[in-house]
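See structure below.
The values are calculated or read from the model by the stated rules, or taken from the named source; none is laboratory data. Since the model is a prediction, treat every value here as computed from it, not as a measurement. With ideal geometry, Cβ positions are generated from the backbone for all residues, glycine too; neighbour counts draw on all protein chains shown. Areas reflect the complete protein model, heavy atoms only, side chains present, ligands, DNA and RNA absent. Shrake-Rupley method; radii C 1.70, N 1.55, O 1.52, S 1.80 Å.
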Amino acid sequence: MRGGMVYEDAEKLYAEVRMDGEALLDEAFRVLFPGSVALTLDTDPKALDPTGKIVGFNTTFFRRSDIVQVPLVGAHPGLVSQVLQTSSDGKVGYAVVNSSGNVGTVCTPATGLHAQITPVS
């Protein structure tokens, strides 16, 4: 058996495990957050509630902030207003989600991306 076959088999198994895991997460989110829509680049903007908010789910036990990618093609202005930065072609936006518990909220452009600067001398 060649060494390359082991890696090919592992990659194939990893892809199957990832697909199964993503399907389980999607099903769990549909139960926990009925009516919610996952934000991926394949998400149809027409499926999004124009009055909806971007909400993140923190799967860890500690506070964290993450940058999330938001599809903007055909998106409602209410969704577009929640992003802090957009790609040069305007198809994708980026938002910062802060979470202190399990559910995170989006930093608005007025409250997001601030740096704490301490003088060195």
For this session: Mind checking the full-extension length gain between Thr60 and Asp20? Use 0.36 nm per residue of separation minus the Cα-Cα distance, one decimal, nm.
Result: 12.4 nm
Seminar exercise, completed: Taking r as the C-beta separation of Ser100 and Val6 and R0 as 35 Å, the FRET efficiency to the nearest 0.05 is 0.25
For this session: Show Met19, Met5 ordered by accessible area, largest first, where the area counts protein heavy atoms only and the probe is 1.4 Å.
Result: Met19, Met5
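Could you put Tyr94, Tyr7 in order of accessible surface area, largest first, with the 1.4 Å probe and the full protein assembly present? Before the final figure, lay out the partial values.
Values: Tyr94 80, Tyr7 170 Å².
Result, largest first: Tyr7, Tyr94.
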Exercise. Between Phe29 and Ile67, what length in nm is gained on full extension when 0.36 nm per residue of separation is reduced by their alpha carbon distance?
Worked result: 11.7 nm
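Given R₀ = 35 Å, FRET efficiency for Val37-Ser88 by Cβ-Cβ distance, to 0.05?
On the way: r = 26 Å, r/R0 = 0.73.
So, using R0 = 35 Å, E works out to roughly 0.85.
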